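Worksheet: the structure to be examined is printed underneath.
The values are calculated or read from the model by the stated rules, or taken from the named source; none is laboratory data. All figures in this text were calculated on a predicted structure; none of them were measured in a lab. FYI the Cβ positions are ideal-geometry reconstructions off the backbone, even for glycines, and counts take in every protein chain you see.
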Amino acid sequence: MNIAIVGCGFVFDIYMRTIQAHPEINIKGVFDINENRSKRVGEYYGFNVYSSYEAILVDPGVDTVINLTWISAHFEVSKKALEAGKNVYSEKPITKSVEQSAILFDIAKQNGVRLYAAPCNIFSDMVRTIFKSVQDGAIGKPLLVYAELDDSPIHLMNFDKVTSPTGAPWPLEEELKEGCTYEHLGYHLVWICGLLGPATSVTAFSSELIADKTKGMPGMVGTPDYSVACLNFASGAVARITCSFVAPRDHRLRVIGRDGEVVGDSYRQYQSPVYLERYTSTSLNARKFKTLRSHPLLGRLFGIGGRRIKLVKNWKSIAVEKDQQIKSSLVRKLIEWVRRREVYSQDKFVGIAEMAEELRLGREQYLSPHFLMHINELTMLVQAAGPNGVATKPVTTFVPLGPIPGTITN
Ligand SMILES: NC(=O)c1ccc[n+]([C@@H]2O[C@H](COP(=O)([O-])OP(=O)(O)OC[C@H]3O[C@@H](n4cnc5c(N)ncnc54)[C@H](O)[C@@H]3O)[C@@H](O)[C@H]2O)c1
């Protein structure tokens, strides 16, 4: 698939970490309204730099535009590309309003092209493994999901000094302005709705807890830095998702069924270990003991937390696990190895790879427009819930997704 990337900021370099595992994707060029950024990434990665966005739109060699601009520019950038007859893969959220997102899907339909959107962690090995455990009946009927996305009080973590390999500053101000819900809720919504289907009701609360997050930045910016939502599903299952820029990092995903639970550590590690516990009266009663609770290794002897299970792999995982760093010194490779093992390892290109595969084979869009609209609507509802909370029924819905494509069996 021939793509052009628009927006060459911080996340651009995260995408680039795994590009060498994706020979099916051909980057025709890049563009950023900040000329320095497109020039810099063009030189660093050896990409063609377009002189304007319009130059991409009229290039017949580009079939898909990857929209990595900041959130407030998503709508205009995607709209122009769809109108020009290009497919679009957009960073999340697609737009900041359900109405705008609906306009984009309508334009895509009229022009016979497709609109896809991040996040793509539903294609990760961890999510595949959780889905397989549930679908194999390992935990009995799924009843409850607890999904955490506490991503730390980022204003205390020196993020203003963090830059990407090509020197893009981590956009601290933008993250605080848009907030943890816009930035992160989607990572849990995609796999939860993928597993349980559309939400039939949402009870949500959001609030801004910390003023004066950084020196020189406005105090209360009016964006929630904490949100919590309970989703109800037609099957009777319930999910509770918490997002914050307040509490220290906790990204755990837990699916609790009648007979046990399956747990992953972080959406941000695509090969995150997955643990399966089939409840026994011993493992449930053992939790009453403080010592067993506070010493996980001892607790495991009594079945608390279950056992680690073999990961179900995505067709791209093996290529991604190899060192994909471009222009890396030995020291850099070591640092990257530690990062992938300990901090995060995402293949941001895997969603684009799935898109390329669907287009090549003429398959239906797996993350369907209705699914993406639903994720978008839920995100907006939770962000806007406010400190008095809301209980509402989403207006969007979707046909439940089938099995996740791209699984390899050995
Ligand atoms: N920063 C992260 O860790 C991260 C992680 C995952 C996803 N994202 C998502 O990726 C997107 C971009 O985030 P980022 O961190 O790279 O932000 P950023 O601010 O570092 O980069 C955005 C870039 O888009 C460019 N841009 C803005 N409007 C444009 C336009 N109309 N045409 C061309 N270029 C334009 C800006 O000049 C800037 O270089 C956001 O949707 C964000 O939610 C970010």
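The numbered conditions (1) closer than 19 Å to ILE241 by Cβ; (2) within 16 Å of the ligand (Cβ to nearest atom); (3) at pLDDT 95 or above; (4) not in a helix (DSSP H, G or I) are all true for LEU144 except (2). Scanning region 357-410 for residues that are touching a residue at least 24 places away in the same chain (Cβ under 8 Å) and among the small types (Gly, Ala, Ser) returns SER368, ALA384, ALA385, GLY386, GLY389, ALA391, GLY402, GLY406.
Per-residue answers, yes or no, for (1) among the basic types (Lys, Arg); (2) closer than 25 Å to GLY194 by Cα; (3) assigned by TED's automatic domain parsing to the domain that holds MET373:
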position: ARG37; (1), (2), (3): yes, no, no
position: ARG40; (1), (2), (3): yes, no, no
position: VAL62; (1), (2), (3): no, no, no
position: TRP70; (1), (2), (3): no, no, no
position: LYS80; (1), (2), (3): yes, no, no
position: ASN87; (1), (2), (3): no, yes, no
position: THR95; (1), (2), (3): no, yes, no
position: GLN100; (1), (2), (3): no, yes, no
position: ILE103; (1), (2), (3): no, yes, no
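Restricting attention to region 60-103, the residues being within 12 Å of the ligand (Cβ to nearest atom), in contact (Cβ under 8 Å) with a residue 12 or more places away in the chain, within 20 Å of PRO119 (Cα to Cα) and not small (Gly, Ala, Ser) number 18.
Consider region 356-410 and keep the residues that are of a type in the set (S, T, N, Q) and assigned to a loop (DSSP other than H, G, I, E, B). The one that is farthest from TRP315 (Cα to Cα) is ASN388. Take the residues in region 17-27 that are farther than 16 Å from SER90 by Cα and within 16 Å of the ligand (Cβ to nearest atom); name whichever of them is surrounded by the fewest Cβ atoms within 10 Å (Cβ to Cβ). This residue is ILE19. Here the condition is being buried (at least 16 other Cβ atoms within 10 Å of the Cβ), within 30 Å of ARG340 (Cβ to Cβ) and of a type in the set (A, V, I, L, M); of VAL202, VAL255, VAL228, it holds for VAL255 alone. Among the criteria (1) within 19 Å of VAL312 (Cβ to Cβ); (2) under 17 Å from the mean Cα position of the chain (by Cα); (3) in the same structural domain as THR392 (by TED's automatic domain parsing), the one TYR267 does not fulfil is (3). None of SER90, SER133 is out of contact with any Gly (no Cβ under 8 Å at 6 or more places or on another chain), of a type outside the set (A, V, I, L, M, F, W, C) and closer than 24 Å to GLU175 by Cα except SER90.
Results for (1) in a helix (DSSP H, G or I); (2) not hydrophobic (A, V, I, L, M, F, W, C), shown as yes or no for each residue.
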| residue | (1), (2) |
| --- | --- |
| GLU173 | yes, yes |
| TYR187 | yes, yes |
| CYS193 | yes, no |
| ALA204 | no, no |
| VAL221 | no, no |
| SER227 | no, yes |
| ASN232 | no, yes |
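Scanning region 32-47 for residues that are in contact (Cβ under 8 Å) with a residue 40 or more places away in the chain and near the ligand (Cβ under 9 Å from one of its atoms) yields a total of 1. Go through the residues of region 218-239 one by one and say whether even a single one is away from the ligand (no atom under 14 Å from the Cβ) and within 27 Å of ASN36 (Cβ to Cβ). Yes, that holds for at least one residue. Each residue in region 1-54 was checked for being assigned to a helix (DSSP H, G or I), β-branched (Val, Ile, Thr) and closer than 23 Å to ALA84 by Cα, and 0 of them qualify. Residue count for region 92-113 satisfying the condition of being surrounded by 20 or more Cβ atoms within 10 Å (Cβ to Cβ), under 22 Å from the mean Cα position of the chain (by Cα) and not in a helix (DSSP H, G or I): 4.
Yes or no, residue by residue, for (1) under 25 Å from SER345 (Cβ atoms); (2) free of Cβ contacts under 8 Å to residues at least 12 places away in the same chain:
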| position | (1), (2) |
| --- | --- |
| GLU261 | yes, no |
| LEU276 | yes, no |
| THR280 | no, no |
| SER283 | no, no |
| ALA286 | no, no |
| SER294 | no, yes |
| GLY303 | no, no |
